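The values are calculated or read from the model by the stated rules, or taken from the named source; none is laboratory data. Since we're looking at a predicted model, the values are computed, not measured. All Cβ positions, glycine included, derive from the backbone under ideal geometry; neighbour counts span all protein chains shown. These area figures cover heavy atoms from the full protein model, side chains too; ligands, DNA and RNA do not enter into them. Shrake-Rupley method; radii C 1.70, N 1.55, O 1.52, S 1.80 Å.
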Amino acid sequence: MKLFALAFLTASIAVTAVGQEVATWSEDVGNQYWIHPDIVYNVANNYANKLDVIYPHAITSSVPAVIYIHGGGWVFGTKEGAVLETLPYLQMGWVAVNVEYRMANVSKAPAAIEDCRCALRWVVQHAKEYHIDPTRIVITGHSAGGHLSLMTGMLTEAAGLDNNCPEEGPEPHVAAIVDWYGITDVADLLAGPNRKTYAAEWLGSSLDRDAIAHRASPLTYLRKDLPPIIIIHGDKDPVVPYSHAVRLHEALEKAGVPNRLVTITGGGHGQFTDEENRRAYSAIREFLAQHGLGPVEQSK
């Protein structure tokens, strides 16, 4: 299944990104992209976390990179199942890094955050090898992946969640965060009208779970020097309350952080229409370009 997903990805890239005719893509696709799958970026609790790196053959200088983090409420999902989410960024000529992390059945919160921070550090340390500009790294993900994108990009070493990372080096720099309907207040999902079973499963029965929920919430880490953040959220989302997006947007505004909230009117938990998705990606591309993160021309 992994090989099928990656083969399908390269096919899609050939048609979408390069603009080749269908009659010729199968002949030329091998000349377009390198795919390095299942690279182990760290081992925690005897679990080997892996990532895939996808980058164009034609790269001659360092380019931006996107780190994609899959969703699934921290309890299910795979990077392979989400690999096509990297296509919009590959189309822009960027490098894509597709990341997995420990699920709740392997390790409870905040393990997934620790893993994603380690993945970021791995990308920075291996940037030269894959022609990545370490000052132009964008992190994105959907749902729990949106939450983990926010946490990965908003945290600093001072939070202590990088302590188990094997990669040393300077503090990682994140250029922007693209949050698709991510959780911003974990405690809000543990009790009361917004309680969700996936959040309860991720936090477990620890006596200090409220403190862990606070530590694992993006709203805990507001400050003026955060990277620019764009938020996409449906206002009828039954899985992650729309209020999470609104509260984050308002807090970012108050802190003076460049941000934008794109509301999908009537939208649920993803599964937006093609038109809604196109509108969201149009806003994302515009937002990223405003912050020096536009498409990259590839030599042929």
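General observations
- Folded to 0 to 90 degrees: helix 2-16 orientation relative to the chain principal axis, Cα: 60 degrees
- 0 to 90° range, to nearest 10: angle between helix 274-290 axis and the chain longest Cα axis: 90 degrees
- Shape of the chain, Cα gyration tensor, a/c cut at 1.5: prolate
- Checking every one of the GluC sites (Glu not before Pro) in the stretch 156-244 against DSSP loop status and a limit of 13 other Cβ atoms within 10 Å picks out E168.
- Restricting the stretch 269-300 to chymotrypsin sites (Phe, Trp or Tyr not before Pro) that sit in a DSSP loop and have at most 16 other Cβ atoms within 10 Å of their own Cβ leaves nothing.
- Normalised by residue count, the stretch 56-187 yields a Cα convex hull volume of 105 Å³ per residue.
- Between the listed residues Y68, P228, H244, the Cα displaced farthest toward the positive end of the dipole of the chain, a dipole computed from Cβ unit charges relative to the Cα centre, is found at H244.
- Accessible surface of the chain, 1.4 Å probe: 51 percent of it comes from carbon and sulfur atoms.
- Amide hydrogen proximity for A44: with H placed 1.01 Å from N in the peptide plane, the residues at 5 or more positions away or on another chain lying under 5 Å are N49.
- Greater than 31 Å apart at Cα, pairs in K79/K236; K50/K128; K50/K236: K50/K236
- Structural descriptor for the stretch 185-295: relative contact order 23 percent, calculated from alpha carbon pairs under 8 angstrom and at least 6 residues apart.
- Residues with amide H under 5 Å from that of D133, placed H, sequence gap 5 or more: V63, A65
- Sparse-neighbourhood loop sites, chymotrypsin sites (Phe, Trp or Tyr not before Pro) in the stretch 59-114 - DSSP loop, at most 16 other Cβ within 10 angstrom: F76
- Share, in percent, of DSSP beta bridges within the chain that are antiparallel, nearest 5: 35 percent
- Top of V178, V106, V123 by mean-square fluctuation, Gaussian network on the chain, Cα under 10 Å: V106
- Positive-end residue, the chain charge dipole about Cα centroid, Cβ charges, pick of N163, W122, V99: N163
- Cα centre as origin, Lys/Arg/Asp/Glu Cβ charges: the chain dipole, Debye: 380 debye
- Applying 1/(1 + (r/R0)^6) with r as the Cβ-Cβ distance of A289 and A191 and R0 = 45 angstrom yields a FRET efficiency of 0.65.
- Cross-link reach is defined here as a Cα-Cα straight distance under 15 Å, omitting same-chain residues fewer than 8 places apart; for K254 the aspartates and glutamates meeting it are D225.
- Gaussian network model of the chain, Cα within-10 Å springs - most flexible of Q271, Q32, Q91: Q271
- Per residue, the accessible area of the chain comes to 43 Å², computed with a 1.4 Å probe over protein heavy atoms only.
- For the chain, the longest principal axis of the alpha carbon atoms and the long axis of helix 111-125 meet at an angle near 40°.
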